[in-house]
Structures are given as C-alpha cells and as structure tokens.
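Contents: one structure, followed by commentary.
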Amino acid sequence: MNKITRTFCVALSCILASGGSLVAQNKPLVNTSKSSHAKLSSVDLGDAVWTNGFWADRFQVAQKAMVPNIWAIYNNPEVSHAFRNFEIAAGLAEGEHKGPSFHDGDFYKVLESLAATYAITKDPQLDKEMDRAIAVIAKVQQPDGYIYTPAIIQKKNDKGSGSAFQDKVNFETYNLGHLMTAACVHHRATGKTNLLNVAIKATDFLYNYYKTASPQLARNAICPSHYMGIVEMYRTTGDKKYLELAQNLINIRGLTDEGTDDNQDRIPFRDQTKAMGHAVRASYLYAGVADVYAETGDKTLLNTLDLMWDDVTQHKMYVTGGLGSLYDGVSPDGTSYNPKDVQKIHQAFGRDYQLPNHTAHNETCANIGNVLWNWRMLQLTGKAQYADVMELALYNSVLSGISLKGTEFLYTNPLAYSDELPFKQRWSKDRVGYIGLSNCCPPNVVRTVAEVNNYAYSVSDKGLWFNLYGGSKLATKLKDGSEVKLTQVTNYPWDGNINVTLDQVPRKKEFSLFMRIPGWANDAKILVNGKPADAKVTPGEYAEISGKWSKGDKVELILPMEAKLIEANPLVEETRGQVAVKRGPVVYCVESVDFPKGQDIFNVAIPADIQFTPKLIKIENSDVMSLEGKAQVVQDKEWKNQLYREVSKKDQAMQVRLVPYYAWGNRGHSEMSVWMPLNR
Ligand SMILES: [Zn+2]
C-alpha cells in the first residue's frame, strides 16, 4: 500500500485495509464464502424467505410482535435502561448507568434483530429506527474506539477512571462482540457502514489493547461473543489483524493460574478434554473457535472442538437440545478436592449424565449458543449430525424461551414444572415480559427466530444443501455465481412431505442437491419427478442427488413422522424408567391444563405400545400438532408428608393429550413434564 492509499484508508476507518473490500462480497449471516477450511457457505440474507407453514408463522410473529416489542422495551427507560445508558454516555441525557454490565450487548442484539428483519421486509421504518440509534451509539464511542456505557458514564459523572477492563467480571468484550456481529449483519442487510465503522474502531481498540497486554487480560473474556464477532469483522473487512487478534485471544486463555472451570480458562483450550462450566460461555467459546478454525485450519483447535461436541452430545445435553443442567454447582475437576477450594460453577454443565428436570437451568442463551456452535460445525464439515442438533435446539429449547405471541420470555428452560416443589426456584417458570437483571435471553431469542431462514440452505462447490425444511422460496447463487431459484412447499415438522420445485437452474451445468436426512428419519424416501432418486438415503447424513437439472424439476422428500418413545441412558438417574415422546424433531410434554382438575400429571404412565393420534390444534393462534393416546394413570394422588410408599395397583386407562414442549406455558400457568414413567 502506498502512502496516499494508506492515508485515504485511515480516513475511511481502514475499511478497505489489507486487500479487503466491502464491495461485491457475499452477504450471509455468517460469511464462510471465502473461508478455506469451511466446506459450506451460507446464502445471502434475504435469499431464503419463508412462505408458508411453521417458520413463516414464527417469522411473521417476529416481524409483527417480537421485534417491535423488544425494540419498544429497550427504548423505554422505565422498563429497560439500555438505550438510555447510551444517551447518557453520549451526553444527550443526564443520569446514572442502570442495568446489568452486559446491557450494551443486549441492545446490540436487539439492533441485530431489526437488521435481520429488514433484510427480508425492507421496511424503511426499521432502517430509520436503526439509524437513529446508531447515531447515538457512534457518539458514545471514545476517540480510541472504546465503547462501554458503564465506564464512560462513570467518567462523565466524575466518579471513576472510566478506563477499560477494570473488573474481570465485566462484560466489556461480550458487549463488543455483539456490536461486531450486529454491525456485520446491519452492513450486509442495509449496505450502510454507520454501525460497521463503530465496530471497526472498537475492534481496532481491542487489537491495540491486547497487543500490549499481559496474559492476565485473557481473564476478561467473560462470555466470549467477541471471538465470533472478531472473525466476522475479519470476513467483512479483510483486515488480517482481526484474525490475528482472534487467534491470540484463544492462545492466551488458560495461561494464568487464576482461571476457572466456570469460565473455561483454568486449562488452555487445546488441553481441554471435557466441556465444563457456564454453558453460555462454553457454547459461545466453541462457536468462536470454530470460526477461527474455518479461517486458519488449525487442527489442534478442531481436535478440542470434536472432544467437546462428543462430550456434550453423549453426556450433557438434554433431550430438548438444552445445555447447562445446574444453576449453582461445584467443579471438583478444578485444582483441588479440598471442599474449601472446590470451584463454584454457575449456570453450568453438570457431571456427565447429571441432567435433573425440575431444576434444569438450560438458559435460553445457552441453547442458542448450541445452535450457533452447531451451525458453524455444519459449515466446516457438511456433516448432518450438526444440523440435527441445531434443529433439535431450535424447535425445542430455543423456541420454549419465548411465548407463541412473541412477547413473553423464559430465562431457564426446565423439563418439568410442579407447583408442589416445596422450594422457590430463583427464576420464574412462567414467561414474563421482562427478565430484569438477566434479560440477556429475550433479545437473543428474538434475533435467533428472525434469522432462522438463514440456516435453511447452504452452498458448496458441488451444489445446494437443504439443512432445515420449511415452506420457502430461495433465489441464490451457486459457488460459481450461477443462479438458482426454487420453491419449497411443506407443512414440516407437522408433516414429513417436502416438495421442491426448481424454478431456475443454470444451463448445461451439473450440480448436486444435498437433502438432509435427519438422524431420526428411518425409511426416508426421495423422488425426482415422481421416480425414486439415484441417491444413498441414510439417516443422519445428507443424500446427494447429482445430475443436470431443468426448470420445473420436482424433488420430493418423504420423512416418516411417527411419534416415538425415547429413553435416556440409565446413568441419567432422573429419567430412569421413563420416556419422552418425540415426533420428528419436536419433543412433547404433558401439561396440567390438558388434565381434569385434581388429576396429577406426574401420575401418568405411558404404555410401551401406546398409539398416538396427531391432531392439529391452535394455541395462541398458532398451529400446533398435539398427540392423543391412551395412557395409564395412578389414582393414589395423596403424597402429603410421605417420602416413600407402597406401589399402588390402582391404574386406570385415560386418554391424554401431549403438546410440543416449546408450546408449554402458553395457556396460563401450568404444571409440565417431558419425561413420563414407562409402563412396559
Ligand atoms: Zn441469556
């Protein structure tokens, strides 16, 4: 770069640095289009649009209720002080900082949900609202790029130094990470650089800060959303120093003796063999490391990611795809077994197979982290096992975090709830409009629901990949730039028939369609123009249908959707002798609202040969497939002051209704259970 170019470049906040370019690049949610070690890349924001069925319904609720509601909350200082904090820090209002230290980050997530929605709707009002907020955010940023409202307000009010990274449990880098991610999505959705320029200055600040910092500073990586953010900034700007920064941040983890299992930094990342600690921090860490691997191909990182994935999916994940079984726990794997020295872990993975139901923490953010991580693993490898976990979490433990109306939220996602439990759990098991100090989940679940369309399709050198099914239209480009358009019609997950019509294909070019066959789908079939496809159809793998395609070609995927009884490894004590019911990717539960008054849902047992009849019902104006069948009910219901008793033989048959787990608690306060005793 010559001197003139360099000066020009600095003036433009270096958005064209190091050969990078903001012009003519791909515009997906996560951009692996140039990542040498990712097999798949995503289609651009707006390429895939839901048209009918399950996700179209959820996106409509996102557009009409979730996004406007969360935006109103975050702009109303009477409820959430997040935006007011920015206004005070910008000198546009007076006052003190209020709210948690991760409030800035939550506001950036809300902004991201607006940007993702704008990518589909192009609603000028959204654009205007975003610009209004971004102007204030830009005004808060310090000349060196630092931006963190608690410290800046403190300095303004002459109450502290206002300098960076004073407290290791502050969420400064978490906030910055969400700023970077939101900025990349906003830039790709709108073409604008107003938020991106703020993010560039902030990433430069982090780069300069860590360049001179000691390894002790790695401790500031609480809840590392910034690994994902920094790599995405590298992908957007092409600035290689960002990738260097992301690599360094991982390399310096675990180098001091003050690390903890809770924060995944007691042991250097590459030496870890088990997933441990805070489940949001863990899943965000793994997702960020996967992003670094996509760019560098550093196998030592992938080795640990593989170990973590095996550990989580084989020992620590709920049947709903939820992560983090313990609200408070201890990590005896730490430096000492001395009871005085064991380390506290919080909102964390338990021991292998330690998966309690009533007290399951399963923070909505951790379940979203599971989606973010598995999405990246899918892009790296093209392996359907990752799409399976992603889909499981999305349909169950992510959607359970938000009401069907889109305006109430759960912070934790337990697998059972009973009014009889004689202790108060710390977090509400009824969805609420605002969670207060732990309001991290609502903006996270809103942005996630608004973005699901971006996970539906991918492209690779060989063709087009179907990851998630749902009624949609796709207009995208294959890797070589040739255009493909298609229509997918389906009522999945309520129905297993998926019909794809190719509306436009490149001429004289062979390419493959890769249809995901979910791991639960035995006997799936694929037809091309009515005839069995020449493809290997194996559950848990993508079926590749190769060939030359013509406009109007039809591909039909038929997935058997019978309800199945699922059991857990007997080492999971809490579910021994019990079953969960699953139909396709959807996990079911019983809810007291469906039972006669006085009939305890915990007295229901499921016969091994139960026949379920699917029945479409409406809950909160949303189509929901319920399951009806004949179960056994124990009539002895008095447990008062008894811990043990003789088994009753007074069973009787009773018709029961099950509803999808994600829909629980939408018909007023209710008791609920996913696991039910099995009657063999
Ligand atoms: Zn959260």
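The values are calculated or read from the model by the stated rules, or taken from the named source; none is laboratory data. Not measured: the values here are computed from a predicted model. Counting neighbours? That spans all protein chains shown, and the Cβs are built from the backbone with ideal geometry, glycine included. Accessible surface areas use protein heavy atoms only, side chains included; no ligands, DNA or RNA. Shrake-Rupley method; radii C 1.70, N 1.55, O 1.52, S 1.80 Å.
Could you tell me which numbered condition Tyr411 fails, if it satisfies all but one of (1) in a loop (DSSP other than H, G, I, E, B); (2) in contact with a helix residue (DSSP H, G or I) (Cβ under 8 Å, 6 or more places away or on another chain); (3) more than 27 Å from Leu305 (Cα to Cα); (4) within 16 Å of the ligand (Cβ to nearest atom)? Unmet condition: (3). Regarding Asp352, is this residue open to solvent by 10 Å² or more (accessible area, probe 1.4 Å), more than 16 Å from the ligand (Cβ to nearest atom) and touching a Gly at 6+ places or on another chain (Cβ under 9 Å)? Spelling it out, it is not the case that Asp352 is open to solvent by 10 Å² or more (accessible area, probe 1.4 Å), more than 16 Å from the ligand (Cβ to nearest atom) and touching a Gly at 6+ places or on another chain (Cβ under 9 Å).
Quick check on Glu391: is it among the charged types (D, E, K, R), in a loop (DSSP other than H, G, I, E, B) and away from the ligand (no atom under 15 Å from the Cβ)? Considered against the rule, which asks whether it is among the charged types (D, E, K, R), in a loop (DSSP other than H, G, I, E, B) and away from the ligand (no atom under 15 Å from the Cβ), Glu391 comes out as no.
Which residues, counting only those in the range 240-273, are touching a residue at least 60 places away in the same chain (Cβ under 8 Å) and open to solvent by 10 Å² or more (accessible area, probe 1.4 Å)? Give the derivation first.
Of all residues in the range 240-273, those touching a residue at least 60 places away in the same chain (Cβ under 8 Å) come to 240-241, 260-262, 266.
Residues satisfying the conditions are Lys240, Lys241, Thr260, Asp262, Arg266.
Among the criteria (1) crowded, with 20+ Cβ neighbours inside 10 Å; (2) more than 16 Å from the ligand (Cβ to nearest atom), the one Gly277 does not fulfil is (2). Of the residues making up the range 433-478, just one is among the β-branched types (Val, Ile, Thr), within 16 Å of the ligand (Cβ to nearest atom) and more than 18 Å from Pro68 (Cβ to Cβ), namely Ile435. Residue under question is Ser283, and the condition is that it be modelled with pLDDT under 95 and surrounded by 23 or more Cβ atoms within 10 Å (Cβ to Cβ); does it hold? When the stated conditions are applied, Ser283 does not pass them. Tell me yes or no: at least one residue of the range 63-84 is touching a strand residue (DSSP E or B) at 6+ places or on another chain (Cβ under 8 Å) and either within 26 Å of Lys122 (Cβ to Cβ) or free of Cβ contacts under 8 Å to residues at least 40 places away in the same chain (or both). There is at least one residue in the range 63-84 that is touching a strand residue (DSSP E or B) at 6+ places or on another chain (Cβ under 8 Å) and either within 26 Å of Lys122 (Cβ to Cβ) or free of Cβ contacts under 8 Å to residues at least 40 places away in the same chain (or both). Only residues in the range 436-447 that are among the charged types (D, E, K, R) count as the first member; pair them with residues that are more than 8 Å from the ligand (Cβ to nearest atom) and open to solvent by less than 10 Å² (accessible area, probe 1.4 Å), Cβ under 7 angstrom, at least 6 apart or cross-chain, and list the lot. Filtered contacts from the range 436-447: Arg447/Lys109; Arg447/Glu112; Arg447/Ser113; Arg447/Ala116. For Gln125, the conditions (1) at negative phi; (2) touching a residue at least 40 places away in the same chain (Cβ under 8 Å) all hold with the exception of (2).
Matching residues to (1) open to solvent by 30 Å² or more (accessible area, probe 1.4 Å); (2) away from the ligand (no atom under 16 Å from the Cβ); (3) within 30 Å of Trp549 (Cβ to Cβ):
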site	(1), (2), (3)
Thr381	yes, yes, yes
Ala387	no, yes, yes
Val398	no, no, no
Gly401	no, no, no
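The residue that is nearest to the chain's Cα centre (by Cα), counting only those in the range 630-664 that are of a type outside the set (A, V, I, L, M, F, W, C) and surrounded by 22 or more Cβ atoms within 10 Å (Cβ to Cβ), is Tyr662. In the range 181-205, the residues that are farther than 16 Å from Gln141 by Cα form Cβ pairs under 8 Å with partners that are acidic (Asp, Glu) and open to solvent by 10 Å² or more (accessible area, probe 1.4 Å), at six or more places apart or across chains, as follows: Arg188/Asp44; Thr190/Asp127; Lys192/Asp131. Asp144 meets the conditions (1) open to solvent by 10 Å² or more (accessible area, probe 1.4 Å); (2) at pLDDT 95 or above in every case but one. The failed one is (2). Among the residues making up the range 491-508, those that are within 18 Å of Trp55 (Cβ to Cβ) and in a strand (DSSP E or B) are Asn497, Ile498, Asn499, Val500.
How many of the residues in the range 355-377 are assigned to a helix (DSSP H, G or I) and within 15 Å of the ligand (Cβ to nearest atom)? Quick ask: steps written out before the conclusion?
Here is the first cut: in the range 355-377, the ones assigned to a helix (DSSP H, G or I) are 364-377.
Adding the requirement that they be within 15 Å of the ligand (Cβ to nearest atom) leaves 364-372.
Of the residues in that region, 9 qualify.
When His358 is tested against (1) open to solvent by 50 Å² or more (accessible area, probe 1.4 Å); (2) out of contact with any Pro (no Cβ under 8 Å at 6 or more places or on another chain); (3) closer than 20 Å to Pro660 by Cβ, exactly one condition is not met: (2). Is it the case, given these coordinates, that Asp57 is surrounded by 20 or more Cβ atoms within 10 Å (Cβ to Cβ) and assigned to a helix (DSSP H, G or I)? Considered against the rule, which asks whether it is surrounded by 20 or more Cβ atoms within 10 Å (Cβ to Cβ) and assigned to a helix (DSSP H, G or I), Asp57 comes out as no.
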